[in-house]
1. Just to verify a result, which residue in region 32-63, among those that are among the acidic types (D, E) and modelled with pLDDT under 95, is nearest to R154 (Cα to Cα)?
2. Which residues, counting only those in region 185-226, are over 25 Å from H100 (Cβ atoms), in a helix (DSSP H, G or I) and of a type in the set (A, V, I, L, M, F, W, C)?
3. Just a yes or no: is a residue in region 147-166 farther than 30 Å from P113 by Cβ, of a type outside the set (A, V, I, L, M), surrounded by fewer than 12 Cβ atoms within 10 Å (Cβ to Cβ) and assigned by TED's automatic domain parsing to the domain that holds R97?
4. Given region 3-97, what helices (runs of 4 or more DSSP H) lie entirely inside it while holding 2 or more residues that are hydrophobic (A, V, I, L, M, F, W, C) and surrounded by 16 or more Cβ atoms within 10 Å (Cβ to Cβ)?
5. Condition check: touching a Phe, Trp or Tyr at 6+ places or on another chain (Cβ under 9 Å) and in a helix (DSSP H, G or I). Does E156 satisfy that?
6. Restricting the search to region 74-106, which residues are over 29 Å from E221 (Cα atoms) and either touching a Pro at 6+ places or on another chain (Cβ under 9 Å) or not aromatic (F, W, Y) (or both)?
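The values are calculated or read from the model by the stated rules, or taken from the named source; none is laboratory data. Since we're looking at a predicted model, the values are computed, not measured. Virtual Cβ from ideal backbone geometry, glycine too; neighbours counted across all protein chains shown.
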Amino acid sequence: MLVWERPEPPNRPVPVPLSRERIVRAAIQLADADGLGAVSLRKVAAALDVRPMRLYSYIAGKEELLDLMVDAAYAGIHPVGDGWREVLRSHAEATRRAAHEHEWLADLLGGRPQLGPNALANGEILVAALGDVDVDAAMPVVGAVNAYVIGAVRRENAERRAERATGMDEKRWQAELGPYLVRTFATGRFPALAAVVRDAAHLDADQTFTLGLDFLLDGIEARLSK
């Protein structure tokens, strides 16, 4: 029986009260502070001041714990809007915010199917917003938006981690690598790239995400209108 259907053990008179909610909250705190590598049943048990074996009364193992963590994050993702386009945009932006708040989330999305109650409620809102869209197109549309969000956030998080590890922000990166690009582009071997670097608007992360999402939604709209 999946964790979503399996009842919790009855309350017992023990020194430290325990529940799946407390276990998940402790795991999320560990992951927020030090990444997914910091999450283990032993470390979660230590944070809760209980023996590791006690956790197995509530979860079968780490995989279930990760599933519960993802579903807890989905509780904060509430797509809203009039029409499928607004709802999908709201979903994308809310998912991005959640993945910035919890950097580990983007690493878990897009893997195993998310079947927790909060994830299913989110999916219900998205599919319902698509209304009369052909049933065979509904999940590919939602999947395309999710794939865009996951890819964009993973790139953003990788840039943040690299900046924390090296201390190089965008300005410092440009100062160090700019002369190399100038020399390379001066060879004339990469004229298209040189024109983009020289002439295109340099967008920040928010602008880049919004513009890419617009391109995707425009493409979906054009396909659905055929």
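1. If we filter region 32-63 for residues that are among the acidic types (D, E), which is where we start, we get 32, 34, 49, 63.
Okay, now just the ones that are also modelled with pLDDT under 95, so 34, 49, 63.
Values: D34: 17, D49: 33, E63: 21 Å.
Among those that are among the acidic types (D, E) and modelled with pLDDT under 95, it is D34.
2. The answer is F185, A186, A192, L193, A194, A195, V196, V197, A222, L224.
3. Taking region 147-166 first, the residues farther than 30 Å from P113 by Cβ are 162-166.
Checking the rest, the ones that are also of a type outside the set (A, V, I, L, M) come to 163-164, 166.
So of that shortlist, the ones also surrounded by fewer than 12 Cβ atoms within 10 Å (Cβ to Cβ) come out as 164, 166.
Right, trim to assigned by TED's automatic domain parsing to the domain that holds R97 and you get 164, 166.
Within region 147-166 (the criterion being farther than 30 Å from P113 by Cβ, of a type outside the set (A, V, I, L, M), surrounded by fewer than 12 Cβ atoms within 10 Å (Cβ to Cβ) and assigned by TED's automatic domain parsing to the domain that holds R97), the answer is yes, since at least one residue qualifies.
4. Counting at least 2 such residues, we get 20-34, 41-48, 62-74.
5. On the way: touching a Phe, Trp or Tyr at 6+ places or on another chain (Cβ under 9 Å): yes; in a helix (DSSP H, G or I): yes.
Yes; evaluated as a whole, the condition is true for this residue.
6. Within region 74-106, the subset over 29 Å from E221 (Cα atoms) is 101-104.
Those that are over 29 Å from E221 (Cα atoms) and either touching a Pro at 6+ places or on another chain (Cβ under 9 Å) or not aromatic (F, W, Y) (or both): E101, H102, E103.
Listed here are the residues, each with its yes/no results for (1) more than 24 Å from E64 (Cβ to Cβ); (2) without any contact (Cβ under 8 Å) to a residue 24 or more places away in the chain.
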position	(1), (2)
Q114	no, no
N118	no, no
D134	yes, yes
V142	yes, no
V145	yes, no
V149	yes, no
R155	yes, yes
R160	yes, no
E163	yes, yes
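Quick grid of which residues meet (1) touching a residue at least 12 places away in the same chain (Cβ under 8 Å); (2) in contact with a Phe, Trp or Tyr (Cβ under 8 Å, 6 or more places away or on another chain); (3) among the aliphatic types (A, V, I, L, M):
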site	(1), (2), (3)
P10	no, no, no
S19	yes, yes, no
P52	no, no, no
A92	yes, yes, yes
